[in-house]
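Asker: The structure's right below; bear with me while I get my questions together.
The values are calculated or read from the model by the stated rules, or taken from the named source; none is laboratory data. What you are looking at is a predicted structure, and each value in this text was computed from that prediction instead of being measured. Every residue, glycine as well, gets a Cβ built from its backbone with ideal geometry; the counts of neighbours run over all protein chains shown. Protein only, heavy atoms only, side chains kept; ligands, DNA and RNA dropped before computing areas. Shrake-Rupley method; radii C 1.70, N 1.55, O 1.52, S 1.80 Å.
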Amino acid sequence: MTTVKVKFRPSTVADRPGSIIIIVTNHRVVRQITTGYKVFPCEWDEKQSRLVSTVENGRMAAIQSITQRLCWDVERLHGIIERLDSRQRGYSTDDVVSEFQRTGKENTFFIFMENVIVRLSQLGHTGTANNYRAALGSFKRFRAHEDIPIGAIDHVIMEDYQAYLNAAGLAPNSTSFYMRILRAVYNRAVEQEPAIDRKPFRTVFTGTEKTRKRAISIGDIRRIKDLDLSRRPNLEFARDVFLFLFLCRGMSFIDAAFLRKSDIQNGVLTYRRHKTGQQLQVKIIRQIEELTGRYPTDGLPYLLPIITVPGKDERKQYESALRRVNKSLKTIAEMAELPVTLTTYVTRHTWATIAKSKNVPVNVISDALGHDSVTTTQIYLASIDSSIIDNANELVVSEL
């Protein structure tokens, strides 16, 4: 049996970082792989054999990056061992280490994409990095964790991957989502490496199919609003967040989570969308003021109690809150007997659909966000005077 263990080797010089090493053992023969990752003793948990980071030392991002790379190194080693085991022939520890070092030097797709993900994380593009990580994980499972040179990727491999995703029951848009991410990484690799573009995605689906609208009616909104949830505070908070997003023209949950009290000036809420950086303004109407007044956030810079510990893993706090709210919204949908699965994103489709039913001009609101390109929607919204949008918002919420 072959084992892989991660160890920390302290520096012989005081106050200098030590090295992370990987120990590979096969039939009591031990070999050591020096990774090149440097960390301080305080950043290593000896009992659990893992890296730790603190806000105080200012190296959280660096430790997270090393942790991710180290996980991928260990995963690659286990993949090599599994492949050698499957051949049912004897192999040595040196064989494992040699294969690890050989694949690490090649221009392989897994390694290239892993580096792209690390870079995205370092730049603070956490959501995009998570999407890329999901796509890479899917492609690795398809490949049985066997890496592939970038130059060897062709349309046959991608057609097989598409068939794999279809067999797994993924919807066409989900399949396209993974394909577009892999295509973006492949194109980047071709630009940076001396590889021939074999156009491997030319025969697979990378478009989008129109899906069933996720909007609900103003009557459904009223039923949600009128539910007595006073004895179920978690549901009540989720409902109020849902109403807040709707009243703010289908604001996304991440934007609401990071709203600051200082974003409100002279009765106007001004914020930038996390997704695009576009600046938007929302007039603070009575209903918005009433909702925010129910949840005082004394001592916090944020408008809503979603990020409750500023400066500490705020992204994780937001993601955990989103899961809790959407779980509660599912219960609320059942209580209100709604025809759709209720999530925070429903507010965006709902506001747009109701706006259209109120004869709000198409240049003020897209057809339930039904443009073929999201960019087109953003261009429309960006070019409209904010007072016209405020009037449209009051029309939409007037029947509440």
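Asker: Taking N as the number of residues in the range 1-105, what is its alpha-carbon radius of gyration divided by 2.2 N^0.38 Å? Mind dumping the intermediate values first?
Answerer: On the way: Rg = 15.1 Å, N = 105, 2.2 N^0.38 = 12.9 Å.
Ratio of Cα Rg to 2.2 N^0.38 Å: 1.17.
Asker: Which residue, Val29, Val340, Val74, has the most motion in a Gaussian network model of the chain that connects Cα atoms within less than 10 Å?
Answerer: Of Val29, Val340, Val74, the Gaussian network model singles out Val29 as fluctuating most.
Asker: Can you tell me the order of 33-45, 87-99, 132-144 when each peptide is scored by its average per-residue count of other Cβ atoms within 10 angstrom, highest first? Don't skip to the end; give the middle numbers.
Answerer: Working: 33-45: 15.7, 87-99: 13.6, 132-144: 17.3.
By packing density, highest mean first, the sequence is 132-144, 33-45, 87-99.
Asker: Please report, in debye to the nearest 20, how large the charge dipole of the range 103-167 is about its Cα centre when each Lys and Arg carries +1 at its beta carbon and each Asp and Glu carries -1 there. Walk me through the intermediate numbers first.
Answerer: Details: 6 positive and 7 negative charges, 62 e Å.
Dipole magnitude for the range 103-167 comes out near 300 debye.
Asker: Same structure again: Restricting to Cα atoms and excluding each atom paired with itself, what does the Kirkwood estimate give for the chain in Å?
Answerer: On the way: mean 1/r = 0.0403 Å⁻¹.
Computed over the chain, the radius equals 24.8 Å.
Asker: Report the calculated FRET efficiency for Glu290 and Tyr345 (r = Cβ-Cβ distance, R0 = 22 Å), to the nearest 0.05.
Answerer: Numbers: r = 23 Å, r/R0 = 1.07.
Using R0 = 22 Å, I get an efficiency of 0.40.
Asker: Run down the aspartates and glutamates and flag those whose C-alpha is under 14 Å from the C-alpha of Lys261, throwing out any fewer than 8 positions away in its chain.
Answerer: In chain and number order, the partners are Glu289, Asp298.
Asker: While we're looking at this one, here's another question. So if we plug the beta-carbon distance of Glu159 and Asp298 into 1/(1 + (r/R0)^6) with R0 = 51 Å, what FRET efficiency do we get, rounded to 0.05?
Answerer: On the way: r = 58 Å, r/R0 = 1.14.
Given R0 = 51 Å and the Cβ-Cβ separation, E is 0.30.
Asker: Once you have the alpha carbon radius of gyration of the range 109-190, what is it after dividing by 2.2 N^0.38 Å, with N set to its residue count? The partial results should precede the final answer.
Answerer: Numbers: Rg = 12.3 Å, N = 82, 2.2 N^0.38 = 11.7 Å.
Normalised Cα radius of gyration, the range 109-190: 1.05.
Asker: Take the solvent-accessible surface of the protein heavy atoms, probe 1.4 Å, and return the percent of it on the range 1-105 that carbon and sulfur atoms account for. Don't skip to the answer; put the middle values down first.
Answerer: Values: 3300 of 6550 Å².
C and S fraction of accessible area: 50 percent.
Asker: Something else now. List the residues, sorted by chain then number, that are 5 or more residues from Val268 or on another chain and whose placed amide H is less than 5 Å from its amide H.
Answerer: Distant-sequence amide H within range of Val268: Ile284.
Asker: Separate question: In deg cm²/dmol and to the nearest 500, what is the mean residue ellipticity at 222 nm of the chain if only DSSP H runs of at least 4 residues count, each as -39500 (n - 2.57), divided by the residue total?
Answerer: Here the helix-only value at 222 nm equals -16000 deg cm²/dmol.
Asker: Turning to a different aspect of this structure: Percent of accessible area on the range 109-190 owned by carbon and sulfur, 1.4 Å probe? Could you put the intermediate results ahead of the total?
Answerer: Details: 1750 of 3430 Å².
Its accessible area is 51 percent carbon and sulfur atoms.
Asker: Multiplying the sequence separation of Arg273 and Ala61 by 0.36 nm and subtracting their Cα-Cα distance, what value in nm do you get? Don't skip to the answer; put the middle values down first.
Answerer: On the way: separation 212, 0.36 × 212 = 76.32 nm, distance 2.36 nm.
Result: 74.0 nm gained on full extension.
Asker: Please find the FRET efficiency linking Ala167 to Ala14, where r is the Cβ-Cβ separation and R0 is fixed at 56 Å, and quote it to the nearest 0.05. Please list the in-between numbers first.
Answerer: Details: r = 57 Å, r/R0 = 1.03.
Working from the Cβ atoms, E equals 0.45.
Asker: Near the amide H of Tyr37, under 5 Å away, which other amide H atoms are found, from residues 5 or more places off or on another chain, if H is placed in the peptide plane?
Answerer: Answer set, sorted by chain and number: Ile20.
Asker: Can you give the charge dipole size of the chain about its Cα centre, rounded to the nearest 20 debye, using +1 on the beta carbon of Lys and Arg and -1 on the beta carbon of Asp and Glu? Before the final figure, lay out each step's value.
Answerer: Numbers: 57 positive and 44 negative charges, 82 e Å.
Using Cβ point charges on Lys, Arg, Asp and Glu, the chain gives about 400 debye.
Asker: Here's another thing I want to ask about it. Counting other Cβ atoms within 10 Å, which GluC sites (Glu not before Pro) in the range 105-212 have at most 10 and lie in a DSSP loop? Show your work: numbers first, answer last.
Answerer: On the way: sites: Glu106, Glu114, Glu146, Glu159, Glu191, Glu209; in loops: Glu106, Glu146, Glu209.
Listed in order of number, the matching sites are Glu209.
Asker: State which entries of Lys225/Lys312; Lys47/Lys316; Lys140/Lys199; Lys38/Lys316 exceed 29 angstrom in Cα-Cα distance in the structure shown.
Answerer: Details: Lys225/Lys312 33 Å; Lys47/Lys316 25 Å; Lys140/Lys199 20 Å; Lys38/Lys316 26 Å.
Result: Lys225/Lys312 exceed 29 Å.
Asker: I've got another one for you. Evaluate the relative contact order of the chain (contact order divided by residue number), counting alpha-carbon pairs under 8 angstrom at least 6 apart; express in whole percent. Please report the intermediate quantities before stating the final value.
Answerer: Numbers: 472 pairs, mean separation 42.7, N = 400.
Once normalised by length, the contact order is 11 percent.
Asker: Could you report the range 74-143's accessible area per residue, 1.4 Å probe, as an integer in Å²?
Answerer: Numbers: 3530 Å² over 70 residues.
Per residue, the range 74-143 has an accessible area of 50 Å².
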